[in-house]
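The values are calculated or read from the model by the stated rules, or taken from the named source; none is laboratory data. Since this is a predicted model, take the numbers as computed values, not measurements. Counting neighbours? That spans all protein chains shown, and the Cβs are built from the backbone with ideal geometry, glycine included.
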Amino acid sequence: MHRLWLIPLVIGAASPAMGGDLTPPPGPVAPTMKTLDEVEPRINVNALPAGVDAVHLIDQPGSYTLTANVTGQAGKNGIRIAADNVTLDCNGFHIEGVPGSDHGVVVGSFEGLTLRNGTITGFGMRGVEAASARSSIYDTLIVRGCGDKGIAGGFDSVIRGCVASGNSGDGIFTNTGALVERCVSNGNGGDGFDLSVGCAVIDCVADDNADSGFFLIQHDNVSRCTARNNGAHGLQSGAGSTIRDSLFRNNDDHGIRVTTACEITGNHCDENIGPGIRVDGACLVRGNFCKSNGFITGDAAGILVEGVSNTITGNTVTANDRGVEITGTDNVVTSNTAIANTTNFDILPGNDAAPITTAAAATSPLANIEH
């Protein structure tokens, strides 16, 4: 029983010590959290002095931001970056050109640039000129109405989430080894995307450009893209490229035009003025759907093969002037389906083509089916 009486006495005796001093210190209450500049120190570009040829010059590595819009000047670039390892966050602000201005953002032969989150419009030359930069990222930019290319990215660059619209030259250009993803290029005076050697393009859209939607040098990889209503080809490529799971529709020349050693798989090509797919030599054309090509002229093939040593297999061609047209030799043609073309199969002698027959009469699993 003595223990039961002692417990509340102990607790009561300890309570004042546990509570501490409840009297606030004199004076106003001071903030305890850090500011954004303390967490991530960034340099205000708008406060930087002008360069010889730019409204603002960044010539030291570091993290920079805009705190207001930047207006260009005739005969000058908007912002020049002349250092490695620069991050420029436009912070949603606008870099706006004027008549006679040069590039919006210009970068020399530097590396480690990140440029993001802004709008660049109306410069007399390129919106972003960084063609000689290396290992850089261009993210969430809108580039409109510039007098040359919209975005010119450099070597081994990443361009993602950008829009290039209404520029006088190509919408988006890259040097070798670039990755371009989730970008839109429309209404430009050149190609939608102009890509050098060894690039990858994923989930991009090119529409209403004056030249081709996608222009590839060679050894490029295109996947899940769309090219429509462009003034030349939907896609044009040199040797060794791969084009997969993409849509090429209503372009003013070919849907897909490649030269040699390319793989064209699982694409949809329809209502192009020229052939849906056209290849030269040593290509694999497999599992594509080509419909109503020659849409205006009435004179184009769903698939046109002009060279040698190609494999054409498992494709469906419908309502074209000619379904599968082979004008070269030494090609293998199997398991294709041709429906309602003016001429379903037009294959020159000297090719290894499986029998052409109806589905009901076919005896070979590799037969080409027409209806």
Task: Selected residue (criterion: surrounded by the most Cβ atoms within 10 Å (Cβ to Cβ)) from residues of segment 70-96 that are of a type in the set (A, V, I, L, M, F, W, C) and in contact with a Ser or Thr (Cβ under 8 Å, 6 or more places away or on another chain) - done: I95
TODO: Take segment 353-371 and flag every residue that is within 22 Å of T327 (Cα to Cα) and surrounded by 14 or more Cβ atoms within 10 Å (Cβ to Cβ).
DONE: A353, A354, I356, T357, L366, A367, N368, I369, E370
- [ ] Check off (1) at pLDDT below 95; (2) within 20 Å of the chain's Cα centre (by Cα); (3) not acidic (D, E) for H233 and give me the number that stays unchecked.
- [x] (1)
- [ ] Any chance you could count how many residues in segment 153-195 are within 12 Å of the chain's Cα centre (by Cα), assigned to a loop (DSSP other than H, G, I, E, B) and either in contact (Cβ under 8 Å) with a residue 60 or more places away in the chain or under 19 Å from N251 (Cβ atoms) (or both)?
- [x] 3
Open item on the list: Going by what's in this entry, would H254 be described as in contact (Cβ under 8 Å) with a residue 40 or more places away in the chain and in contact with a His (Cβ under 9 Å, 6 or more places away or on another chain)?
Closed with: no
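This table checks each residue for (1) assigned by TED's automatic domain parsing to the domain that holds S132; (2) assigned to a strand (DSSP E or B); (3) surrounded by 22 or more Cβ atoms within 10 Å (Cβ to Cβ).
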{"residue": "P49", "(1), (2), (3)": "yes, no, no"}
{"residue": "V52", "(1), (2), (3)": "yes, no, no"}
{"residue": "V55", "(1), (2), (3)": "yes, yes, no"}
{"residue": "S63", "(1), (2), (3)": "yes, yes, no"}
{"residue": "A68", "(1), (2), (3)": "yes, no, no"}
{"residue": "V98", "(1), (2), (3)": "yes, no, no"}
{"residue": "D102", "(1), (2), (3)": "yes, no, yes"}
Task: Unmet requirement for V201, which otherwise passes all of (1) buried (at least 24 other Cβ atoms within 10 Å of the Cβ); (2) not assigned by TED's automatic domain parsing to the domain that holds A130 - done: (2)
Open item on the list: It is to be established whether one or more residues within segment 267-285 are of a type outside the set (S, T, Y), loosely packed, with under 15 Cβ neighbours inside 10 Å and in contact (Cβ under 8 Å) with a residue 12 or more places away in the chain.
Closed with: no
Open item on the list: Which condition from (1) closer than 18 Å to F248 by Cβ; (2) touching a residue at least 40 places away in the same chain (Cβ under 8 Å) is the one that G307 breaks?
Closed with: (1)
